[in-house]
Amino acid sequence: MNHFELLDGPGGAELACEDVPLARIAEAVGTPVYVYSSATLERHYTVLRDALVGAGLKDPLIAFAVKASSNVAVLRTLARLGAGADVVSEGEVRRALAAGVPPERIVFSGVGKTEAEIAFALEAGVAEINVEAEPELHLVNRVAQRLGRRAAVAIRVNPDVEAGGHAKISTGKSENKFGVSFSEAERLYANAANMAGVRPVGVACHIGSQITDLAPMEQAFGKMRGLVERIRAEGLTIERLDLGGGLGVPYFNQPIPPSPDDYAAMIGRVMQGLDVQFAFEPGRMIAANAGVLVARVIHVHERPEGRRFLVIDAAMNDLLRPAMYDAYHDIRPLRPRTGEPVAYDVVGPICETGDTFTRDRLLPPLEAGDLVAFMSAGAYGAAMSSEYNSRLLVPEVLVKGAEFAVVRPRPTYADMLDRERPAPWL
Ligand SMILES: *Cc1c(COP(=O)(O)O)cnc(C)c1O
């Protein structure tokens, strides 16, 4: 469920975010622009938390995956509800802290943390560092000792299950670069318990993204439970079990993911009687349907052979998912249009064939100046945006009720050029 609906206005019905017509934001801020709904963000967080608590998990840590939507205002909206943050770089630790996420709710994941990043995270007092490889465990141990600290660590396991979804977002097969095997995890956990600079507190997994089938998760989580029990059987203590993120969202026309209730009920069943604190790292399921990308039609280019290109002012640098993952985004005109649907190739202005959002998409007839919204663009949208082709970084707007705020303004061309420096010999 989300808060992007048609609203009746003086000029007829138009697509709005909560109580704000998207066209009003487009006029005020220009296009392309990302628009997020506070109500949807809050609802998704609350629905997940209530489902997990309802399934018998007491006081779960829900650490929002900052990489999905890293705007500080988005993070603050969630932090106010008690969300933590799952971060994968020093920049993301800084964003989470800037948003008011308490350090004891920050989980530091990621395949290649540098010494400087580990030191920063330890000084900040993050809850846990998820260690992904043996050399990293030794590095954390060394850095923590140098700082006179003891780092709480969890060992990230690669459960070696096939989670479905796109190959580029599958992370839980042993051929993927993430985490260690179960036997390796047991060994590292025991080693960690003997290290002066670390304190093992848990184990973690994250098997992929946009998962629409509970079976691989159930399989992985069952194995994670077994691991916790084996570690305890060795006489070691373990407090936390981090089950990652990855739950899919209902993208229009795509397989329907399990509901948060079904996901939580499955976890409740698999984990029944296991006394640990559970942690989760959801990104997409909280943010995807809480955001849209609004763009304007520049022109319609009809080829004599029949292809019809809808050229818009958003491009792959603003929304990379279609180019990178063949992702499908529903595209809706901000004002409902009548007329027989027409097949368009929707493209951006970038000089790459990959700058194609979709081909042969049936849409109502559109013309230059019309506004459209890419739905379900709140996760891995603005967070992946760039200035490729020297296009200005796309702005972001947060809506709450009848109000909106520009939470990342569009830079100016001067801002863009001022970041660079001449070389002394030029
Ligand atoms: C990307 C990522 C997530 C979030 O995945 P979603 O599919 O957006 O829920 C969580 N944990 C880790 C370690 C990740 O890399």
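The values are calculated or read from the model by the stated rules, or taken from the named source; none is laboratory data. Remember, it's a predicted structure, so these values are computed and weren't measured experimentally. Note that we place each Cβ from the backbone using ideal geometry, even for glycine, and neighbour counts take in every protein chain shown. Areas reflect the complete protein model, heavy atoms only, side chains present, ligands, DNA and RNA absent. Shrake-Rupley method; radii C 1.70, N 1.55, O 1.52, S 1.80 Å.
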* Counted residues, region 190-215 - those being away from the ligand (no atom under 16 Å from the Cβ) and either part of a helix (DSSP H, G or I) or open to solvent by 10 Å² or more (accessible area, probe 1.4 Å) (or both) -> 10
* Can you tell which of Val93, Val47 is open to solvent by 40 Å² or more (accessible area, probe 1.4 Å), in a helix (DSSP H, G or I), touching a helix residue (DSSP H, G or I) at 6+ places or on another chain (Cβ under 6 Å) and of a type outside the set (Ser, Thr, Tyr)? -> Val47
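Of all residues being outside any loop (DSSP other than H, G, I, E, B) and within 16 Å of the ligand (Cβ to nearest atom) in region 372-404, which is nearest to Ile298 (Cα to Cα)? Just the residue, please. So that I can check it myself, show each step before the final result.
Going residue by residue through region 372-404, those that are outside any loop (DSSP other than H, G, I, E, B) are 372-374, 382-384, 388-390, 396-400, 403-404.
This time we only want the ones that are within 16 Å of the ligand (Cβ to nearest atom), so: 382-384.
Values: Ala382: 21, Ala383: 24, Met384: 23 Å.
Only one residue tops the list, namely Ala382.
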* Asked: Quick check: anything in region 80-89 assigned to a helix (DSSP H, G or I), within 30 Å of Leu137 (Cβ to Cβ) and away from the ligand (no atom under 12 Å from the Cβ)?
  -> no
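Results for (1) aromatic (Phe, Trp, Tyr); (2) open to solvent by less than 20 Å² (accessible area, probe 1.4 Å); (3) in contact with a strand residue (DSSP E or B) (Cβ under 6 Å, 6 or more places away or on another chain), shown as yes or no for each residue.
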{"residue": "Phe278", "(1), (2), (3)": "yes, yes, yes"}
{"residue": "Leu293", "(1), (2), (3)": "no, yes, yes"}
{"residue": "His299", "(1), (2), (3)": "no, no, yes"}
{"residue": "Glu305", "(1), (2), (3)": "no, no, no"}
{"residue": "Leu310", "(1), (2), (3)": "no, yes, yes"}
{"residue": "Met324", "(1), (2), (3)": "no, no, no"}
{"residue": "His329", "(1), (2), (3)": "no, yes, yes"}
* Structure fact -> For strands (runs of 3 or more DSSP E) lying entirely in region 223-330, having 2 or more residues that are of a type outside the set (Gly, Ala, Ser) and within 30 Å of Thr358 (Cβ to Cβ) picks out 291-302, 308-312
* With respect to the numbered conditions (1) farther than 24 Å from Glu5 by Cβ; (2) open to solvent by 40 Å² or more (accessible area, probe 1.4 Å); (3) in contact (Cβ under 8 Å) with a residue 24 or more places away in the chain, which one is the sole condition not fulfilled by Asp415? -> (3)
* Just one of (1) touching a residue at least 24 places away in the same chain (Cβ under 8 Å); (2) open to solvent by less than 40 Å² (accessible area, probe 1.4 Å) trips up Ala423, so point out which. => (1)
* Looking at Phe120, Phe108, which is the one that is open to solvent by 10 Å² or more (accessible area, probe 1.4 Å) and either within 13 Å of the ligand (Cβ to nearest atom) or of a type in the set (A, V, I, L, M, F, W, C) (or both)? -> Phe120
* Tell me, yes or no, whether region 249-265 has at least one residue that is open to solvent by 10 Å² or more (accessible area, probe 1.4 Å), of a type in the set (A, V, I, L, M) and under 20 Å from the mean Cα position of the chain (by Cα). => yes
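What are the residues in region 153-206 that are modelled with pLDDT under 90, among the hydrophobic types (A, V, I, L, M, F, W, C) and farther than 12 Å from Asn130 by Cβ, if any? Walk me through it before giving the result.
Pass one, region 153-206, residues modelled with pLDDT under 90: 160-179.
If we keep only those that are among the hydrophobic types (A, V, I, L, M, F, W, C) too, we end up with 161, 163, 167, 169, 178.
If the condition is that a residue be modelled with pLDDT under 90, among the hydrophobic types (A, V, I, L, M, F, W, C) and farther than 12 Å from Asn130 by Cβ, then Val161, Ala163, Ala167, Ile169 are the ones that fit.
Residue by residue, here is whether (1) within 18 Å of the chain's Cα centre (by Cα); (2) free of Cβ contacts under 8 Å to residues at least 60 places away in the same chain holds:
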{"site": "Ser69", "(1), (2)": "yes, no"}
{"site": "Val87", "(1), (2)": "yes, yes"}
{"site": "Val93", "(1), (2)": "yes, yes"}
{"site": "Leu97", "(1), (2)": "yes, yes"}
{"site": "Pro102", "(1), (2)": "no, yes"}
{"site": "Ile106", "(1), (2)": "yes, yes"}
{"site": "Glu117", "(1), (2)": "no, yes"}
{"site": "Ala124", "(1), (2)": "no, yes"}
{"site": "Asn158", "(1), (2)": "no, yes"}
* Structure fact -> With the first residue restricted to region 282-311 and required to be under 17 Å from Asn71 (Cα atoms), and the second required to be crowded, with 24+ Cβ neighbours inside 10 Å and acidic (Asp, Glu), Cβ contacts under 9 Å at 6 or more apart or on different chains are Pro282/Asp86; Gly283/Asp86; Gly291/Glu396; Leu293/Asp318
